[in-house]
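Notes for the one structure printed next.
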Amino acid sequence: MEQKRFKDEHGYKYDFAAVIRRGEQVAVLCPRCQGQAFISRSKKECYYVVRCSHCYYTYQQPESYTFYARGVCNHCERYFNIEIHDDRTKLHKNTNINCPHCETRNQVPVHRVQSREWHTDVIQNGKDLFSSSSCTSLITIGVNLSGLLIGYT
C-alpha cells in the first residue's frame, strides 16, 4: 500500500486579501438585486471587479490618483513633497507652492501617482479579527465597492 504525502492547506485560507491575491473570487451580495455576486481582480489591470450572476450587474473600481507637488526650494535649497488637495491645482502642469520650511513661494511640477490600497493581514496572532458571531464584516474593498457585504458569518 502506497502512502500519500500530507499536504497542508494554504495559510490564511479565509483572508480576503490573500484570496484575491491568489486570483480566486469572493462571494458577496449584489448591491442592485441582493443576489450572489463575486469580487475578483481583473486580468488586464489591477482593479477589483464585482460581477452579479443573477442580474449581470458589473462594477469596476474607478481609477484614483493622488497629486503631489515636489521640488527643491529656491531659497533654502531643501527638498519638499506636498500632497495637493485643491482640484483646480491638480489640472495644471506646474503650481506655485510655499516651501514648508521657509515659506518661500516656488513654482514646481505637479506629479500624478496612481493610488493603491495596501492591506494588512486580517488574521493576527492566529485569530481572525472578523470572526465574532454577531459580526457581518465590511472589508476595505467592500466599502470601496459601493458598500458590498462580504459573505463572512
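What to note about this one:
- A Förster radius of 25 Å combined with the Cβ-Cβ distance from residue 47 to residue 22 puts the calculated FRET efficiency at roughly 0.90.
- In sequence order, calculated HN-Hα J values of the range 104-114 (Karplus, 6.51, -1.76, 1.60; Hz; x Gly/Pro): 7, 7, 10, 9, 10, x, 9, 10, 9, 10, 5
- Residue 4 paired with residue 82, simple spin-label distance in nm, labels 7 Å along Cα-to-beta-carbon: 6.4
- Across 90, 43, the residue with the most accessible area heads the list, and the full order at a 1.4 Å probe is 43, 90.
- Packing rank of 19-31, 70-82, where each peptide gets the mean count of other beta carbons within 10 Å, highest leading: 19-31, 70-82
The values are calculated or read from the model by the stated rules, or taken from the named source; none is laboratory data. On a predicted model such as this, the values are computed, not experimentally measured, just so you know. Neighbour counts run over all protein chains shown; Cβ positions are idealised from the backbone, glycine included. The protein model used for the area step is the full one, side chains on, heavy atoms only, and it has no ligands, DNA or RNA in it. Shrake-Rupley method; radii C 1.70, N 1.55, O 1.52, S 1.80 Å.
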